[in-house]
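No lab work stands behind these numbers, since they all come straight from the coordinates. All figures in this text were calculated on a predicted structure; none of them were measured in a lab. With ideal geometry, Cβ positions are generated from the backbone for all residues, glycine too; neighbour counts draw on all protein chains shown.
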Amino acid sequence: MMMRKLCIFQCFIVCSFLFAVLVSSKYHGNPANDIVDIINRNRTAAKLSHLSDSAGLGCMALQFVNFCKGNCTSNNTVNCNPSSDNFTEIFAPDCGVELPTFDTITGQIVACQPEYLEPTEAFSRALIPDKKTLSLLRNKSHTEVGVGMVGVHKGPFFWCVLFSSGKTNSTFVLENHGLGIRQKRGCFSGSSVECSRGHSNGAFWNNEELRANLKEHCMLRSFLLYNLPF
């Protein structure tokens, strides 16, 4: 009996600690925002203007890669080119972008890799691998940027960067400040919507799902410890 109580107590302590770690991770780390920071540091080094991190653009970038995530070629390029109608009729409405605030998209960079890459490596290996993409990043007409990223379960990982020449804080405005967005997969910049990275098979999991699974696992383990004889 004493051994059972000790096991239950240890299980409770371990699960509580892991749960607390996952809850706290909700407020720390967004790889999409990290990539925006790297982009701006690169532009600053080239004496170019800082780009505003637009949640509206970021969310549409995520919709872009979700739309294209079955099209990663053998040489790690994305064979997918959504039309302008896809942006105004699908991506923007799905994100809650107020259509009167939709503005010109001045460039896009899309990439895929067999697995997740940390932001610095994703920037150099996937998004900006050559002078052509570097030139696009350093285009002087850009004023805003948004990054979206998502992984496919047992498949590749996708990144998208969208640039705009719109007026900061008045273009690609999200309805209700984006509070109505509930992304089950992936991550986008400029937002407080929680986002989490998972390494398993290159997939990108949401913290909410991880917490639910952990809670279920801990409850089951506690039940078994309490009810099974030693």
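The modelled label-to-label distance between THR104 and ALA45, using points 7 Å beyond Cα along the C-beta direction, is 2.9 nm. Backbone amide hydrogens, once placed in the peptide plane, bring TYR116 within less than 5 Å of GLY202, excluding anything fewer than 5 places away on its chain. In order along region 105-115, phi translates into HN-Hα couplings of 9, 8, x, 8, 10, 10, 8, 9, 9, x, 8 Hz, rounded to whole numbers, per the Karplus curve 6.51 cos²θ - 1.76 cosθ + 1.60 with θ = phi - 60° and x for Gly and Pro. Relative to a virtual label point 7 Å from the Cα of ARG125 in the Cα→beta-carbon direction, which members of region 72-102 show backbone nitrogen distances below 20 Å? From region 72-102, the list is 72-79. Remark: the GLU118-ASN71 segment gains 14.8 nm on full extension, using 0.36 nm per residue and subtracting the alpha carbon distance.
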